[in-house]
1. How about residue 39: which lysines have a C-alpha closer than 17 Å to its C-alpha, ignoring those fewer than 8 places off in the same chain?
2. By a straight-distance test (C-alpha under 17 Å), which lysines pair with residue 18 as possible cross-link partners, with residues fewer than eight away in the same chain excluded?
3. Which distance in nm do the two modelled labels at residue 63 and residue 27 give, with both placed 7 Å along the Cα-to-Cβ direction?
4. Can you work out the FRET efficiency for the pair residue 39 and residue 8, with r the C-beta to C-beta distance and R0 = 35 Å, to the nearest 0.05?
5. Would you rank 20, 8 by solvent-accessible area, highest first, keeping every protein chain in place and using a 1.4 Å probe?
6. Given a 1.4 angstrom probe, what's the average accessible area per residue across segment 1-64, in square angstrom?
7. Run the reach check for residue 35 against aspartates and glutamates, Cα to Cα strictly under 17 Å, same-chain hits fewer than 8 apart removed. What comes back?
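The values are calculated or read from the model by the stated rules, or taken from the named source; none is laboratory data. For clarity, every value in this text was computed on a predicted model and none was experimentally measured. Note: ideal-geometry Cβ built from the backbone for every residue, glycine included; neighbour counts use all protein chains shown. In case anyone asks, the SASA skips ligands and DNA or RNA and just uses the protein heavy atoms, side chains included. Shrake-Rupley method; radii C 1.70, N 1.55, O 1.52, S 1.80 Å.
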Amino acid sequence: MVEFKVQIEEDIVNEYGKDILEQYLQEYLTKAILKLAAKEILDDLKAIDIKDKSWLKARERAWDNFGKHYFLHVIANV
């Protein structure tokens, strides 16, 4: 497990409140975890021999339209 420390300007905390910001960050991370898990599942599908080209095209279109837009990019100072 990795621990991150996040510093947020006091103006932002005063505007939204600490509880709301914590909730937002937790929801964001939960969605990111679910999306990464879904990506792993899709990657595992590559090992399955699927010959139906229409199914493969539909999967590619779904990834292009929805999946890649939600892919998480994390930048961390280590």
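1. Cα-Cα hits under 17 Å: 31, 57, 68.
2. Candidates past the 8-residue exclusion: 5.
3. If labels sit at residue 63 and residue 27, their model points lie 2.9 nm apart.
4. In this case the efficiency is close to 0.75.
5. Highest to lowest solvent-accessible surface, that is 20, 8.
6. Accessible surface, normalised per residue, equals 98 Å².
7. Of all the aspartates and glutamates, those that pass the test against residue 35 - Cα under 17 Å, at least 8 places apart if same chain - are 27, 43, 44, 60, 64.
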